[in-house]
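**Q** Pasting a structure here, questions to come.
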Amino acid sequence: MRSLLLIHLKYLVKRKREFLLVGFSLVLTILLLSIALSLLRIIGQPFDITFTNLKASEILLLFDNRNDDKDKITQWFSKQDEVLGASAPSPYIMVNAPLIHGEREIDLSVQLTEHNTGHLTQDQTRILKGASREHPDHGEIWLPSHFERSFDLQLGDTLGLSINGALQQLRISAFVVDPHYLSAIFNPTRAWVAPGELPFLAPLSELNNNMMGIRLKDKNQLDAFWKRFNENFEYSGKSLQYPLFKRAFTSFYTLLSSVLMIFSVMGLLISLLIINHTISSHVFSDYKQIGVLKGVGFTPGNMVTLYLMQMSFLALLALPLGLFVSWFVVRAVVNWITEPMGIPDFTYDLTTPVLVSFGITLFLIFAVSFFSARKAGLVKPVEAIRNSFQRKGGRSRKASKAFSSLWLPLSLLLGGRFLNSQRRNLVLMGINMAGIVFVVIFCVNIANSFDKIHTDRTAWGFDKADVVVNRNSSVVLALKHGQLMEMLRKYNNKIRTITPYNYTNLFLLSQDNKAVKEIQGKVYSGTISKTGLENIIGNHPVSDDEISLCIGTAQEFGKQIGDEVAVFIEGQNKVFTITGIYQDVGNFGQGFRLQEEALLALNPLFEPRFYGLELYPNVERDEFRLRLENQFGETIRTELGVEERKSMVSMVMNIRIAVFTISLFFVLVLVLIIYNDQNIYIQQNKISFVKLKSLGFTVKNLRMILLWKTLLNLVLGMSIGIPLSLWLGPKIMNILTADIGLVRFPFIPSPIGMIVSIVVLFVLGALSVWFAAAALRKLNFRIISNL
């Protein structure tokens with residue numbers, strides 16, 4: 001055992017550069033795998049802790065007390081055994097116009113809600129920054145904590161809110177943790193004002209909206225409980241429920257963790273190939289030494305153990321180091337997530353993801369190392385001592401002919417022959433390079449796909465509208481639908497298309513006409529295809545008995561094209577035929593689309609309130625928005641499309657940064673792989689290089705041979721990795737984004753990005769070869785005499 005240990009230490013010192021590559025690849029692999037598993041395990045915990053600690057309601061009811069009796073609703077909920085608490089209805093008003101901060105606008109709608117005494121015991125808020133008080137004071141506003149980070153707001157700043165045509169000024173006195181609106185994705189979001197503040201901001205006649213929270217003893221009973229409520233009430237308001245709140249918070253982090261998981265699997269496969277290649281190369285280089293050691297009594301098991309000891313030593317150094325680094329990375333990410341949530345002393349257990357990632361990686365390292373090291377046990381001592389070097393695999397005659405052309409440079413011809421002479425090495429290096437090229441091209445195209453959400457918006461479920469006009473029906477001299485349409489049509493030199501629509505809710509019914517689930521959808525006036533929206537399957541609804549469903553809704557209820565769906569809408573039961581199924585990331589795959597005729601048949605007074613305006617390319621969007629607001633005053637409000645809002649832009653930027661960072665890691669691995677491979681190749685073929693030197697080849701000539709050999713291998717890897725990435729990349733993203741409503745991810749390759757990436761890989765690969773080939777200077781004729 002002592003002799004094995006001494007030889008082991010000698011090899012570690014002698015081949016430190018090669019082992020450094022193996023160690024780095026293992027650190028990267030365990031780092032990505034551990035981060036992905038850790039985030040997938042704990043990402044929902046901050047939300048659940050905050051939701052529980054602040055006694056948040058699993059159901060939020062938003063209703064107009066002119067249509068729904070708040071006293072009866074409160075009384076019914078209070079009597080139910082499943083209910084832990086039913087809050088008193090709190091009045092609120094919607095502020096749909098952009099918020100004014102100094103000279104800039106914040107395109108976000110706000111549900112301005114009175115913070116009353118009931119919120120001290122249910123649906124609490126935690127003050128993150130600001131004076132600790134039970135309620136805001138008169139003239140103050142409390143904002144969700146993510147406002148500070150997203151919109152660069154500070155305590156004491158004044159925020160202007162356009163209410164009833166007047167600009168109301170409120171001072172920001174606190175940033176709070178609101179358990180229902182932890183995610184910046186929500187629009188509208190909620191802000192709090194003092195008890196009794198709303199009558200100072202709007203007439204009493206307009207204070208008809210109420211918010212009510214229902215807290216359950218067991219959130220797992222939510223669906224059955226909500227179904228029973230709809231069986232007892234003809235509720236016409238809206239409801240927001242626990243799954244939506246949690247999904248909005250976790251969806252981005254879950255997607256990012258899943259992408260990391262894919263990359264960690266790719267990294268693990270590449271690391272295992274590197275280990276296999278390294279051990280095989282060492283067995284080849286040590287062929288004579290293995291024969292000598294066997295001749296003095298070493299058994300085949302001793303030789304296998306020797307190479308296992310090398311990889312085990314590296315694994316036991318690299319894996320803990322990777323896990324140690326991952327702990328800091330996970331901690332930094334979790335702190336970044338929980339900072340706007342204000343969770344005191346948030347603790348989490350990473351034991352399971354750490355043990356799983358360590359155990360899986362270590363087992364695969366041992367398995368691959370053992371499989372590769374078995375060749376050392378099969379070496380015959382007499383043959384090894386006599387021949388000094390193991391015979392290489394034969395070269396391909398067809399490939400040899402390809403590198404026999406007289407018009408090709410000699411260095412290229414020799415580089416091709418050298419590459420062809422070791423077909424096993426060619427395959428292993430080709431696979432490694434193909435895997436890394438796959439990851440890099442995948443990262444480039446994914447970043448580009450998310451970046452193109454602004455130009456390819458219809459593929460994400462957004463229409464082509466550059467500006468959305470919201471017709472205000474609450475003002476005294478409100479515009480009618482026809483009047484506004486007539487005025488907007490006068491801008492025919494600026495507006496390409498006008499798409500009137502409105503939002504409405506319906507309840508899906510079971511076979512016995514019991515409400516099962518409430519969903520929100522859009523009702524369009526005019527041809528839906530003009531919006532640019534498409535269906536995954538089928539067509540848009542045309543007649544008054546047709547409907548198209550979002551993919552999440554269709555999958556949840558097992559609906560297909562041609563099926564009928566029974567709903568409760570506008571106070572009536574109605575059966576629609578499904579004509580299309582579409583995807584939409586805006587509501588996490590839930591929703592529906594109807595034609596205006598369907599609503600007019602149920603409610604003759606129905607009119608659109610929203611108008612999507614697609615502008616001509618030469619029209620300045622912000623200037624045109626300002627012009628409309630100046631012309632129409634308080635009768636309209638304008639806003640940007642969902643994909644242009646800051647929360648969506650921030651999410652896209654975070655994804656781009658993440659995939660760019662990961663791609664850099666893999667590029668570094670590629671550089672180290674090429675550098676290591678050249679060192680090994682020079683050691684294995686030093687006699688051939690000495691012979692070439694004797695024929696007059698300079699070090700520069702030999703470098704060019706190695707350069708051509710590597711570039712040809714890189715071309716092989718790219719010819720596999722690039723098509724594979726373009727084919728498999730969209731399929732991977734389809735799986736990863738299905739949870740947020742995208743079963744056909746809008747994968748948009750970036751030709752320029754791919755060309756730049758290819759050039760960078762070639763340049764870095766060439767530089768790696770050039771520096772590694774410096775070892776050729778040390779080769780001389782004494783090497784032959786020493787053999």
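The values are calculated or read from the model by the stated rules, or taken from the named source; none is laboratory data. For clarity, every value in this text was computed on a predicted model and none was experimentally measured. We place every Cβ from the backbone using ideal geometry, glycine too, and count neighbours over all the protein chains shown. Calculation scope for accessible area: heavy atoms of the full protein, side chains included, ligands and nucleic acids excluded. Shrake-Rupley method; radii C 1.70, N 1.55, O 1.52, S 1.80 Å.
**Q** Checking residue 18 against (1) over 30 Å from residue 680 (Cα atoms); (2) surrounded by 21 or more Cβ atoms within 10 Å (Cβ to Cβ); (3) modelled with pLDDT under 85, which single condition isn't satisfied?
**A** All conditions are met except number (1).
**Q** Could you say which residue among 119, 138 is open to solvent by 50 Å² or more (accessible area, probe 1.4 Å) and either on the phi < 0 side of the Ramachandran plot or in a loop (DSSP other than H, G, I, E, B) (or both)?
**A** Answer to the selection: 138.
**Q** Just for segment 222-254: of the residues that are over 32 Å from the mean Cα position of the chain (by Cα) and polar (S, T, N, Q), which one is surrounded by the fewest Cβ atoms within 10 Å (Cβ to Cβ)?
**A** Step by step, filter segment 222-254, then rank; the result is 232.
**Q** When segment 721-740 is examined, which residues are found to be over 12 Å from the mean Cα position of the chain (by Cα) and of a type outside the set (Val, Ile, Thr)?
**A** If the condition is that a residue be over 12 Å from the mean Cα position of the chain (by Cα) and of a type outside the set (Val, Ile, Thr), then 721, 723, 724, 725, 726, 727, 728, 729, 730, 731 are the ones that fit.
**Q** So is residue 295 in contact with a Pro (Cβ under 7 Å, 6 or more places away or on another chain), farther than 30 Å from residue 179 by Cα and touching a residue at least 60 places away in the same chain (Cβ under 8 Å) or not?
**A** Numbers: in contact with a Pro (Cβ under 7 Å, 6 or more places away or on another chain): yes; farther than 30 Å from residue 179 by Cα: yes; touching a residue at least 60 places away in the same chain (Cβ under 8 Å): yes.
Against the criterion (in contact with a Pro (Cβ under 7 Å, 6 or more places away or on another chain), farther than 30 Å from residue 179 by Cα and touching a residue at least 60 places away in the same chain (Cβ under 8 Å)), residue 295 qualifies.
**Q** Give the residue that is most open to solvent (accessible area, probe 1.4 Å), with candidates limited to residues of segment 579-605 that are within 31 Å of the chain's Cα centre (by Cα) and aliphatic (A, V, I, L, M).
**A** Among those residues, the one meeting the criterion is 585.
**Q** Among the residues of segment 165-192, what is the count of those that are outside any strand (DSSP E or B) and β-branched (Val, Ile, Thr)?
**A** Here the count works out to 1.
**Q** Do we find that residue 162 is in a helix (DSSP H, G or I), small (Gly, Ala, Ser) and open to solvent by 30 Å² or more (accessible area, probe 1.4 Å) in this structure?
**A** No; evaluated as a whole, the condition is false for this residue.
**Q** Is it true that residue 124 is at pLDDT 85 or above and open to solvent by 30 Å² or more (accessible area, probe 1.4 Å)?
**A** Spelling it out, residue 124 is indeed at pLDDT 85 or above and open to solvent by 30 Å² or more (accessible area, probe 1.4 Å).
**Q** Please verify whether residue 608 is open to solvent by 30 Å² or more (accessible area, probe 1.4 Å), in a loop (DSSP other than H, G, I, E, B) and modelled with pLDDT of 85 or more, treating the condition exactly as stated.
**A** no
**Q** Now a separate question. Looking at segment 409-434 only, could you name the residues that are open to solvent by less than 30 Å² (accessible area, probe 1.4 Å) and modelled with pLDDT under 80?
**A** 411, 412, 413, 415, 416, 419, 420, 421, 422, 425, listed by residue number.
**Q** Of all residues being surrounded by 22 or more Cβ atoms within 10 Å (Cβ to Cβ) and of a type in the set (Gly, Ala, Ser) in segment 184-196, which is modelled with the lowest pLDDT? Just the residue, please.
**A** 184
**Q** Taking only segment 611-621 into account, find how many residues are over 25 Å from residue 552 (Cα atoms) and open to solvent by less than 80 Å² (accessible area, probe 1.4 Å).
**A** 7
**Q** When the residues of segment 450-478 are narrowed to those that are within 29 Å of residue 658 (Cβ to Cβ) and out of contact with any Gly (no Cβ under 9 Å at 6 or more places or on another chain), which ends up modelled with the lowest pLDDT?
**A** 455
**Q** Follow-up question, since we're still on this one. If I filter segment 149-158 for residues that are crowded, with 21+ Cβ neighbours inside 10 Å, of a type in the set (S, T, N, Q) and in a loop (DSSP other than H, G, I, E, B), do I get at least one hit?
**A** no
**Q** Which ones in segment 38-75 are part of a helix (DSSP H, G or I) and open to solvent by 40 Å² or more (accessible area, probe 1.4 Å)?
**A** Going through segment 38-75, the residues part of a helix (DSSP H, G or I) turn out to be 38-42, 45-53, 70-75.
40, 41, 45, 48, 49, 52, 53, 70, 71, 72, 75 - these are the residues of segment 38-75 that are part of a helix (DSSP H, G or I) and open to solvent by 40 Å² or more (accessible area, probe 1.4 Å).
**Q** Moving on. Search segment 197-221 for residues being assigned to a loop (DSSP other than H, G, I, E, B) and in contact (Cβ under 8 Å) with a residue 40 or more places away in the chain, and hand back the single one that is most open to solvent (accessible area, probe 1.4 Å). Step through it out loud before you land on a result.
**A** First pass over segment 197-221, keeping only residues assigned to a loop (DSSP other than H, G, I, E, B): 197, 202-203, 207-208, 217-218.
Next, only the ones that are in contact (Cβ under 8 Å) with a residue 40 or more places away in the chain stay: 197, 202, 207-208, 217-218.
On the way: 197: 6, 202: 8, 207: 30, 208: 22, 217: 133, 218: 58 Å².
Top of the filtered list is 217.
**Q** So which of 585, 542, 575, 565 ends up being in contact with a strand residue (DSSP E or B) (Cβ under 9 Å, 6 or more places away or on another chain) and more than 24 Å from residue 512 (Cα to Cα)?
**A** After applying the criteria, what remains is 542.
**Q** Let me ask something else about it. Restricting attention to segment 122-132, and to residues there that are part of a loop (DSSP other than H, G, I, E, B) and touching a residue at least 24 places away in the same chain (Cβ under 8 Å), which single residue is farthest from residue 176 (Cα to Cα)?
**A** Only one residue fits best here, namely 122.
**Q** Among the residues of segment 624-641, is there at least one that is among the basic types (Lys, Arg), at pLDDT below 80 and in a helix (DSSP H, G or I)?
**A** no
**Q** Restricting attention to segment 554-566, which residues are within 24 Å of residue 223 (Cα to Cα) and under 34 Å from the mean Cα position of the chain (by Cα)?
**A** Hits for segment 554-566 are 554, 555, 556, 557, 558, 559, 560, 563, 565.
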